[in-house]
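Below is one structure, written out as structure tokens; the observations come after it.
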Amino acid sequence: MAAELIDGKAIAEQINAETAAEVARLKAEHQLTPGLAVVLVGDNPASQAYVASKDKMCTRLGLHSKRVNLPAGTSQGELLGIINDLNFQRTIHGILVQSPLPNQIDEAQVFAAIDPSKDVDGFHPLNVGKLALGDPTGFAPCTPAGVHELLIRSGVAVEGANVVVLGRSRIVGRPVSLILSQKAKNANATVTVAHSRSRNLTAICRSADILVVAIGVARFLKAEMVRPGAVVIDVGINRVEDSTVAKGYRLVGDVDFEPVAAMAGKITPVPGVVGPMTIALLMRNTLKAAKMRHGL
């Protein structure tokens, strides 16, 4: 029996509708328009497409959008100067610097330069610390927060569940483990963070009620690694050569989808889930930043 597909696009639309309604209320009652600045360095096609989709979503939901396009040769000092200017702009409540950045730029320094109260991507060390402490005044990274929303809004019981997070990156794996293990509603899970060097990895994965897969390897999670009925959230997106399609490649996740879907209870398809959820949570974080900035 095939797994139930978790419809990330529909869940993202629920969140976007809630955000749009709250933005409209802020405008009507407080004459306040949340503003997001996105900084793009270079001309990476994937980054350009992603930034364009953020622009469109800002317009659609009623947020103010500012886009800063910089050449690939931009220096670290120039980028830090632009971030400093955005930190002091009153109409900008959220700042996002699109990754990946060119080699001459230190990403850690860039993320640390953003005003933590405008760090809607959740990568500033202060916000990382607040997430670890369970402090709701911080900003959770958008993709991990999106994973949490996928579970909640698709009716998955997180409290008390055995969760295995496959992957330990600071962008997805570690934040997901912090969110799901918090002492809070829709959390309280028992979380194991596993990775490619974990011993007995198949046994670890088969112990999970919920598997969050973000290991960065195409089709890494096989059917024999999944307990029957488990929930599988695939965060990975990989380009795999395929001469049978016009583009010459197809996008696949970190999960070997068809065999795993035959085993799992619920599963997310790839692509079409992580992108819409990440953007929806970015918009919601920007709304939150604007409300916090104005004491609302």
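One residue stands out in the stretch 1-41 among those that are over 16 Å from CYS58 (Cβ atoms) and in a strand (DSSP E or B): the one that is farthest from the chain's Cα centre (by Cα), namely GLU4.
The residue that is nearest to VAL172 (Cα to Cα), among those in the stretch 112-142 that are surrounded by 20 or more Cβ atoms within 10 Å (Cβ to Cβ) and in contact with a strand residue (DSSP E or B) (Cβ under 8 Å, 6 or more places away or on another chain), is ASP121. Each residue in the stretch 239-296 was checked for being small (Gly, Ala, Ser) and under 26 Å from THR137 (Cβ atoms), and 4 pass. Of all residues in the stretch 65-86, one or more are among the hydrophobic types (A, V, I, L, M, F, W, C), assigned to a strand (DSSP E or B) and touching a Gly at 6+ places or on another chain (Cβ under 8 Å). If you go through the stretch 33-55 and keep only what is at pLDDT 95 or above and surrounded by fewer than 17 Cβ atoms within 10 Å (Cβ to Cβ), you end up with just THR33. Among strands (runs of 3 or more DSSP E) entirely within the stretch 170-245, having at least 1 residues that are assigned by TED's automatic domain parsing to the domain that holds PRO269 and either among the charged types (D, E, K, R) or at pLDDT below 95 (or both) singles out 231-234, 238-241. Count of the stretch 111-130 residues, restricted to those that are touching a Pro at 6+ places or on another chain (Cβ under 7 Å) and either within 22 Å of HIS294 (Cα to Cα) or in a loop (DSSP other than H, G, I, E, B) (or both), is 6.
I need a count of the residues in the stretch 48-64 that are of a type in the set (A, V, I, L, M, F, W, C), within 25 Å of LEU296 (Cβ to Cβ) and out of contact with any Gly (no Cβ under 7 Å at 6 or more places or on another chain). Write out each step before concluding.
Going residue by residue through the stretch 48-64, those that are of a type in the set (A, V, I, L, M, F, W, C) are 49, 51-52, 57-58, 61, 63.
Subset that is within 25 Å of LEU296 (Cβ to Cβ): 57-58, 61, 63.
Among the residues that remain, those that are also out of contact with any Gly (no Cβ under 7 Å at 6 or more places or on another chain) are: 57-58, 61.
The total comes to 3.
Look at (1) closer than 25 Å to PRO276 by Cα; (2) touching a Pro at 6+ places or on another chain (Cβ under 9 Å) and you find that PRO136 fails only one, number (2). Selection of the stretch 190-214 for residues being within 20 Å of the chain's Cα centre (by Cα) and surrounded by fewer than 23 Cβ atoms within 10 Å (Cβ to Cβ) yields VAL191, THR192, VAL193, ALA194, HIS195. Scanning for something charged (D, E, K, R), part of a loop (DSSP other than H, G, I, E, B) and surrounded by 15 or more Cβ atoms within 10 Å (Cβ to Cβ), does the stretch 144-156 turn up at least one residue? No - not one qualifying residue is present in the stretch 144-156. Among the residues of the stretch 253-288, the ones that are outside any loop (DSSP other than H, G, I, E, B) and within 17 Å of the chain's Cα centre (by Cα) come to 15 in all. Considering only the stretch 131-143, state which residues are under 12 Å from the mean Cα position of the chain (by Cα) and assigned to a loop (DSSP other than H, G, I, E, B). Matches in the stretch 131-143: PHE139, ALA140, PRO141. Among the criteria (1) free of Cβ contacts under 8 Å to residues at least 40 places away in the same chain; (2) over 18 Å from VAL165 (Cα atoms); (3) surrounded by fewer than 17 Cβ atoms within 10 Å (Cβ to Cβ), the one ALA262 does not fulfil is (1).
The values are calculated or read from the model by the stated rules, or taken from the named source; none is laboratory data. All values reported here derive from a predicted model rather than from experimental measurement. Quick reminder, even Gly has a Cβ in these numbers, built from the backbone with ideal geometry, and neighbours come from all protein chains shown.
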